[in-house]
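Comments concern the structure below.
The values are calculated or read from the model by the stated rules, or taken from the named source; none is laboratory data. Model, not experiment: these values are computed from the prediction. Methodologically, a virtual Cβ is constructed for each residue, glycine included, from the backbone with ideal geometry; neighbour enumeration extends over all protein chains shown.
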Amino acid sequence: MKLWAGRFSKSTDKSVDDFNSSISFDQRLYRQDIEGSIAHAKMLGQQGIISMEESETIRKALREILADIENGKIEFEVDAEDIHMNIEKILISRIGDTGRKLHTGRSRNDQVALDIRMYLKEEIREIKKLLIHLCETVIGISEKHLDTIMPGYTHLQRAQPVTLAHHMMAYFQMLKRDIERLNDCYKRTDTMPLGSGALAGTTYPFERNMVAAELGFSQITENSMDGVSDRDFVIELAGCLSILMMHLSRFSEELVLWSSLEFGFVEMDDAFSTGSSIMPQKKNPDVAELVRGKTGRVYGNLIALLTVMKSLPLAYNKDMQEDKEAIFDSIDTVKMCLPVFTSMLATMKINRENMYKAAGTGFTNATDLADYLVKKGIPFRTSHEIVGKMVSYCIENNKTLENLSMQEFHAFSQVIGSDVYEALSLEACVSRRNLPGGPAAEAVKKTIENARQFIENQRED
């Protein structure tokens, strides 16, 4: 018999039971549901809504149910619909009518809102830990490659020389913002909705702040309808995870390119690569490709959540049951991707020689030559035009800028002196860019120092 069956004269059709049930996926909320119920029962007793003896009996039974679930002694029922009804049904079967008092002043509407907030708070903290580990790996690689020169790209065309450290720390900045977004999302998730009831609160003398403190929430919801009817905190997390996966996907794309023969910048460790079933020579960057691919499903979950919520009237609607599978899948996907991506990154081999060689082609020092002319008194636009003509000359004659003779240089500008050769060296091109945020070693060292401090601060939070 359903716990809500009093109004009905017929049993629910089996197909409706199956269609309506969410226990197949919301059972992962069992611990949060029980912990929330224990806090609720404690408050009911302290407020004299039920006796303290009844409160203690309920709480003791709930702890026993939790232990039995974790020991695999309980099998949930589809016809009990969801995790809330399953646990309440088990509770009543064990302690009788006293168990029926647990739901006093509470609705499944505010109960599920509580459970999902508790669950997401925990998962945000776990994902943040994984992100911190990835950030530490990125920082570690950067520290080892302060002087590893490589080409920087725009439009996937070689543009200017940078260092691998500088390039890697660009990804750190992205991941740093991902952590900051998770921190912000956590603040809005950290709001306790219990006491909102179905939509209009309750007539019982609830002490909502006590329950919030008991469950580790920093605040309570300020409107009962809003407390049960929105899932913007779920959508916000799905958005944060989508941005995070976008960053991992961009990173993966570069690693896929870099591991190709055409680039030859990195080689993935055998433990994080796969081969071909037909081509024996192949070594494929499948981990990076899968991370890139799994980004799509996280995006899809965000769109699904937005679509579910886009036209729902206040307050609670059954449509909102669809929020869980989407956010659960996004969380699971991110938690699967981050550790394997981090390990792949930590174990890959970096080919410094190929990076340096690539930086020396494609006229990556052309901007520095234009700047050299500016420092000799030539306006930048004029300098830009002169260097453009030099590049064209080099292409026609299969030369590089640094290999031009002084006679050839003077054919384009008489202000060029012998100091031009030093100015065109890759090392000089990088080291001169020593402003904050630049690729010079000293500038990157400062960025790394700030990064380590940021990570340390995150651990303290």
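Going by the conditions given, is residue 438 more than 46 Å from the chain's Cα centre (by Cα), not aliphatic (A, V, I, L, M) and not in a helix (DSSP H, G or I)? The answer is no for residue 438.
Going through (1) under 20 Å from residue 356 (Cα atoms); (2) part of a helix (DSSP H, G or I); (3) of a type in the set (Lys, Arg) one by one, residue 433 falls short only on (2).
Of 349, 399, all but one fail to be without any contact (Cβ under 8 Å) to a residue 60 or more places away in the chain and not β-branched (Val, Ile, Thr); the exception is 399.
Within the set 378, 386, the sole residue that is part of a helix (DSSP H, G or I), surrounded by 12 or more Cβ atoms within 10 Å (Cβ to Cβ) and touching a Ser or Thr at 6+ places or on another chain (Cβ under 9 Å) turns out to be 386. For residue 257, the criteria (1) in contact with a Pro (Cβ under 8 Å, 6 or more places away or on another chain); (2) at pLDDT 95 or above hold in every case but one, which is (1).
With respect to the conditions (1) buried (at least 16 other Cβ atoms within 10 Å of the Cβ); (2) modelled with pLDDT of 95 or more; (3) within 22 Å of residue 19 (Cα to Cα), residue 316 lacks only one, and its number is (2). How about the stretch 266-292: which of its residues are surrounded by 13 or more Cβ atoms within 10 Å (Cβ to Cβ), of a type in the set (Gly, Ala, Ser) and assigned to a helix (DSSP H, G or I)? The answer is 288, and nothing else. Just a yes or no: is a residue in the stretch 68-78 in contact (Cβ under 8 Å) with a residue 24 or more places away in the chain and within 23 Å of residue 51 (Cβ to Cβ)? There is no residue in the stretch 68-78 that is in contact (Cβ under 8 Å) with a residue 24 or more places away in the chain and within 23 Å of residue 51 (Cβ to Cβ).
Does any residue of the stretch 155-164 turn out to be outside any helix (DSSP H, G or I) and within 24 Å of residue 222 (Cβ to Cβ)? Scanning the stretch 155-164, I find no residue that is outside any helix (DSSP H, G or I) and within 24 Å of residue 222 (Cβ to Cβ), so the answer is no.
Going through (1) more than 30 Å from residue 350 (Cβ to Cβ); (2) touching an Asp or Glu at 6+ places or on another chain (Cβ under 9 Å) one by one, residue 220 falls short only on (2). Every condition in (1) hydroxyl-bearing (Ser, Thr, Tyr); (2) outside any helix (DSSP H, G or I); (3) surrounded by fewer than 20 Cβ atoms within 10 Å (Cβ to Cβ) holds for residue 299 except the one numbered (2). Being closer than 15 Å to residue 88 by Cβ and either without any contact (Cβ under 8 Å) to a residue 60 or more places away in the chain or not in a helix (DSSP H, G or I) (or both) is the filter here; which residues of the stretch 39-52 pass it? Within the stretch 39-52, just 50 meets the criteria.
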